[in-house]
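The values are calculated or read from the model by the stated rules, or taken from the named source; none is laboratory data. Keep in mind that this is a model prediction, so the values were computed, not measured. Here the Cβ positions follow ideal geometry from the backbone for every residue, glycine too, while neighbour counts run over all protein chains shown. Note: accessible area is taken over every heavy atom of the protein model, side chains too, but ligands, DNA and RNA are not part of it. Shrake-Rupley method; radii C 1.70, N 1.55, O 1.52, S 1.80 Å.
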Amino acid sequence: MTVQELAGAAAYRPTPPPAWKPLTDPAPLLPDPEPYRVLGTDAAAGVDPDLLLRLYAELVRGRRYNAQATALTKQGRLAVYPSSTGQEACEVAAALVLEERDWLFPSYRDTLAAVARGLDPVEALTLLRGDRHTGYDPREHRIAPLCTPLATQLPHAVGLAHAARLKGDDVVALAMVGDGGTSEGDFHEALNFAAVWRAPVVFLVQNNGFAISVPLAKQTAAPSLAHKAVGYGMPGRLVDGNDAAAMHQVLAEAVARARSGEGPTLVEALTYRMDAHTNADDATRYRGDDEVEAWRAHDPILLLERELTGRGLLDEEGAGTVREAAERMAADLRDQMNADPPLDPMDLFSHVYEEPTGQLREQEARLRDELEAEHGPHGSETEEAR
Amino acid sequence: MTTTVAATAGERTGRAVQATMAQALGRALRDAMAEDPAVHVLGEDVGTLGGVFRVTDGLAKEFGDDRCTDTPLAEAGILGAAVGMAMYGLRPVVEMQFDAFAYPAFEQLVSHVAKMRNRTMGAMPLPITVRIPYGGGIGGVEHHSDSSEAYYMATAGLHVVTPATVEDAYGLLRASIASDDPVVFLEPKRLYWAKAAWSPEAPAAVEPIGRAVVRRPGSSATLITYGPSLPVCLEAAEAATAEGWDLEVVDLRSLVPFDDETVAASVRRTGRAVVVHESPGFAGPGGEIAARITERCFHHLEAPVLRVAGFDIPYPPPMQERHHLPGVDRVLDAVARLQWEAES
Ligand SMILES: Cc1ncc(C[n+]2csc(CCOP(=O)(O)OP(=O)(O)O)c2C)c(N)n1
């Protein structure tokens with residue numbers, strides 16, 4: 001018997017195609033060629049001063065967080081840290097546009113977005129410290145685990161948003177990915193699923209110019225990454241990723257669009273990674289100081305500071321208060337990260353399956369014996385550590 | 001983990017009919033969906049068409065497109081979306097159309113489905129069932145006959161189960177959907193249309209997954225097998241009686257977790273064992289099973305544990321597959337080799 005026979009292919013007659021409606025006007029889907037900007041333009045006057053100040057405080061705190069985390073790698077307290085210095089406006093805006101019931105799907109570079117969303121700074125770093133893969137309960141914070149395999153979190157965001165909609169919850173998922181990640185198959189599959197399902201998802205691409213060492217020009221031949229949206233049937237927006245107000249506005253619009261049932265949006269944020277890919281990378285091998293310097297003049301904190309002081313919303317004293325708060329956060333983080341996390345090797349077996357298999361039970365017993373041979377009855381060593 | 005559908009034999013009043021494995025699988029999906037609104041089926045052609053093997057036939061009609069969804073054609077996307085759905089409290093059942101077309105989803109399976117419970121310290125288990133038709137013997141052209149179980153078995157965090165009977169098709173699928181852990185549910189293609197008397201109104205109690213079963217008691221050697229190779233082994237056992245061999249046949253049903261107790265108890269009793277499967281032998285399931293038996297039953301063994309497996313070749317073209325698939329003769333040859341004498 002052939003597969004076709006088994007599958008009863010004979011009984012299957014293709015039905016005539018349903019009336020297929022081509023998009024009569026793709027123009028609304030196409031991104032503007034110029035990245036959207038607010039700061040330094042007339043549009044800035046319309047932005048709520050409280051929001052600007054909130055963004056400012058978060059940017060300063062985020063910059064300090066990045067610096068502190070990078071310092072912790074030098075002290076051996078973090079195994080690795082992919083800094084988002086220079087990209088704080090994207091990170092902070094992504095966190096602030098979401099309601100409590102919404103979900104954030106961060107990549108490995110987006111610790112800051114998780115922290116800006118309210119996650120405990122230490123819990124957010126356990127992956128990078130190396131004691132836990134995910135040091136928090138994703139459901140409690142509605143933050144998916146920081147995702148290391150590129151773009152694989154994007155279909156999760158689609159599935160979750162789709163499930164929420166099926167349940168009648170007006171929940172939105174915001175998923176973050178880098179420019180390099182847009183070349184991965186999962187990126188394309190996620191966008192296509194989201195558009196077909198009209199899932200309430202916002203895709204945020206942080207185009208920081210490089211995927212480790214590979215510049216955007218070697219990543220894509222598209223006019224912009226935002227253009228990719230059009231082929232899937234969703235709008236693409238290009239935005240200045242260092243302009244916190246523009247980021248907030250564009251993402252907030254995309255979130256509102258998703259929430260009202262109009263489907264997904266792809267947002268490309270043009271930004272720049274000021275630090276190396278991670279502390280382990282040598283960025284001088286693939287880019288010159290002049291390029292980095294040019295971007296320094298377009299720093300997200302600088303842009304917002306200029307706006308705030310220009311409008312008399314921020315003075316030296318106010319800025320000082322913000323910096324002090326950031327300093328306190330950093331000191332607190334340093335203190336907490338200076339303590340060795342308590343670890344129980346027996347935890348290795350705790351969360352592989354709901355019930356450990358017989359095979360795992362045997363291995364668990366072996367490790368317990370080894371630990372007891374080393375330290376005496378198991379438990380004493382970890383009690384001390386606590 | 002355990003669901004009881006219609007518990008005791010006394011309640012099993014339904015009239016037995018001739019049912020195929022495909023029908024039993026479909027019935028399991030239907031019952032699970034009817035019982036729990038969180039159960040969603042998604043995949044390629046699962047809706048209107050009812051799946052290329054018709055396992056999901058009627059589900060879209062009964063439960064609607066939102067519960068039985070024809071997805072875009074993208075396996076990673078399907079499984080990735082299922083991850084997100086499970087994160088939000090649903091219990092997705094994903095259909096992969098064929099064994100070799102599940103590979104695009106391998107990354108999602110290994111990096112996320114298998115690991116989410118562990119990554120989140122138990123906070124976020126993923127109750128996803130991934131149904132994959134597998135194996136050969138149906139004259140499929142290339143990429144339609146792979147036995148991919150070894151890949152899944154080697155991935156910690158997944159359960160891997162495979163039914164060989166109509167009754168188990170129902171029971172194991174219900175148990176898989178009820179499991180809070182992800183299950184790779186391998187459906188032996190060539191048994192889809194195998195029929196047996198089965199009572200869909202009153203299916204047997206659903207056991208937790210992880211237990212092997214002795215399909216045929218015997219005393220001279222144990223054949224250990226699963227899925228598509230079970231009928232081959234049962235036939236071989238019948239044929240072997242002519243040679244005076246009384247073979248026991250163990251159907252594993254679950255490859256992960258592996259039922260060491262049932263297997264070891266059988267081999268200790270018989271002193272001889274042959275592992276039979278159609279996936280390639282090298283680094284295949286048989287190697288693991290033989291090693292486990294040797295570790296547990298060394299002093300009871302009268303002969304080395306033998307393996308009868310598919311050759312270590314990409315699955316052959318349909319006109320050649322009979323040379324590749326372990327058949328009754330190859331199993332009997334192995335049994336003959338169990339009359340082993342040490343070469344001094
Ligand atoms: C699937 C996959 N392939 C390769 C890698 C290794 N890797 C880690 S980061 C990276 C570059 C990613 O660049 P991009 O998406 O632009 O994000 P960025 O690091 O700039 O934030 C690569 C290749 C990975 N994590 N996942």
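Quick notes on this structure:
- Comparing B:A102, B:F185, B:H144 along the charge dipole axis of the range B:94-231, the residue lying farthest to the positive side is B:F185, per the Cβ-charge model.
- Measuring nothing but how far apart in sequence close Cα pairs (under 8 Å, 6+ apart) lie, relative to its length, chain A scores a relative contact order of 21 percent.
- Computed across the range B:68-120, the Kirkwood radius stands at 11.5 Å (inverse of mean 1/r, all Cα pairs).
- Nonlocal amide H pairs with B:V256, under 5 Å, H built at 1.01 Å: B:V160
- Comparing the full protein assembly with the isolated chain, the residues of the range A:156-173 losing at least 20 square angstrom of accessible surface (1.4 Å probe) are A:H156, A:G159, A:L160, A:H162, A:A163, A:L166, A:K167.
- Computed [θ] at 222 nm, helices only, for the protein assembly as shown once each DSSP H run of length n ≥ 4 contributes -39500 (n - 2.57): -11000 deg cm²/dmol
- Note, ³J(HN,Hα) from phi for the range A:338-349, Karplus 6.51, -1.76, 1.60, rounded to Hz, x at Gly and Pro: 7, 8, 5, x, x, 10, 10, x, 5, 4, 3, 9
- Nearest 10 degrees, 0 to 90: helix B:75-87 Cα axis against chain B principal axis: 70
- Ellipsoid fit via the Cα gyration tensor, the protein assembly as shown: semi-axes of 53, 31, 22 Å, each the root of five times an eigenvalue, largest first.
- Given charges at beta-carbon only (K, R positive; D, E negative), |dipole| of the range A:181-322 in Debye: 720
- Per residue, the accessible area of the range B:8-90 comes to 38 Å² when a 1.4 Å probe rolls over the protein heavy atoms.
- Along its first, second and third principal axes, ordered by size, the range A:43-94 spans 46, 14, 13 Å in Cα coordinates.
- The angle between the Cα long axis of helix B:285-297 and the longest principal axis of the Cα atoms of chain B comes to about 60 degrees, rounded to the nearest 10.
- Look at the dipole of the range A:57-196 built from charges on Cβ: of A:S107, A:L154, A:S83, the Cα furthest out on the positive end belongs to A:S83.
- Note that chain B carries a Kirkwood radius of 20.5 Å, evaluated over its alpha carbons pair by pair.
- Distant-in-sequence amide H partners of A:C147 (H built 1.01 Å from N, under 5 Å): A:S107, A:Y108
- Shape analysis of the range B:275-344 based on the Cα gyration tensor places the equivalent ellipsoid semi-axes at 26, 15, 8 Å, largest first.
- Per-pair calculated FRET efficiency, R0 = 35 Å: A:I212 and A:D131 via Cβ, rounded to 0.05: 0.85
- Taking 0.36 nm per residue of sequence separation and removing the Cα-Cα distance, the B:A196/B:H143 pair yields an extension gain of 16.2 nm.
- Sequentially through the range A:205-217, phi angles give Karplus couplings (6.51, -1.76, 1.60; θ = phi - 60°) of 9, 8, 8, 9, x, 9, 10, 6, 9, 8, x, 3, 4 Hz, Gly and Pro residues having no value and appearing as x.
- Relative contact order computed over chain B (Cα-Cα under 8 Å; 6+ residues apart), in percent: 17
- Karplus-based coupling profile of the range B:218-223, in residue order and whole Hz: x, 10, 8, 6, 10, 9, with θ = phi - 60° in 6.51 cos²θ - 1.76 cosθ + 1.60 and x standing for Gly or Pro.
- From most to least packed by mean Cβ count within 10 Å, the peptides A:255-262, B:74-81, B:97-104 give B:74-81, B:97-104, A:255-262.
- Basic side chains Lys and Arg get +1 at the Cβ, acidic Asp and Glu get -1 at the Cβ, and with that the dipole of chain A about its Cα centre reaches some 1260 debye.
- Each Cα pair under 8 Å and six or more residues apart adds its separation to the average, and for the range B:92-164 the resulting relative contact order is 39 percent.
- Residue among A:Q219, A:F187, A:P200 farthest towards the positive dipole end of the range A:184-277, charges placed on Cβ: A:P200
- Within the full protein context, the accessible area of A:E184 is estimated at about 80 Å² for a probe radius of 1.4 Å.
- Rg(Cα)/(2.2 N^0.38 Å) for the range B:134-292, N = residue count: 1.02
- Over the range A:73-177, the alpha carbon radius of gyration divided by the compact-protein estimate 2.2 N^0.38 Å works out to 1.06.
- Accessible area buried at the B-A interface, both sides summed, 1.4 Å probe (Å², nearest 100): 4300
- Surface accessible to a 1.4 Å probe, A:T85 within the full protein complex, Å²: 20
- By the equivalent-ellipsoid construction on the alpha carbon gyration tensor, the range A:174-304 comes out with semi-axes of 27, 18, 11 Å, ordered largest to smallest.
- Surface listing: A:L30, B:L234, A:L174 arranged by accessible area from highest to lowest gives A:L30, B:L234, A:L174, probe 1.4 Å.
- Mean shadow area of the range A:282-359, taken as a quarter of the surface of its Cα convex hull (nm²): 11.6
- Where B:F311, A:F193 fall by accessible area, highest first, once all protein chains stay in place (1.4 Å): B:F311, A:F193
- Rounded to the nearest 20 debye, dipole of the range B:44-197 from Cβ charges on Lys, Arg, Asp, Glu: 360
- Once the mean of 1/r is taken over each pair of separate Cα atoms and inverted, chain A shows a Kirkwood hydrodynamic radius of 23.0 Å.
- Residues whose placed amide H lies under 5 Å from that of B:V308, excluding near-sequence neighbours: B:V275, B:V276, B:H277
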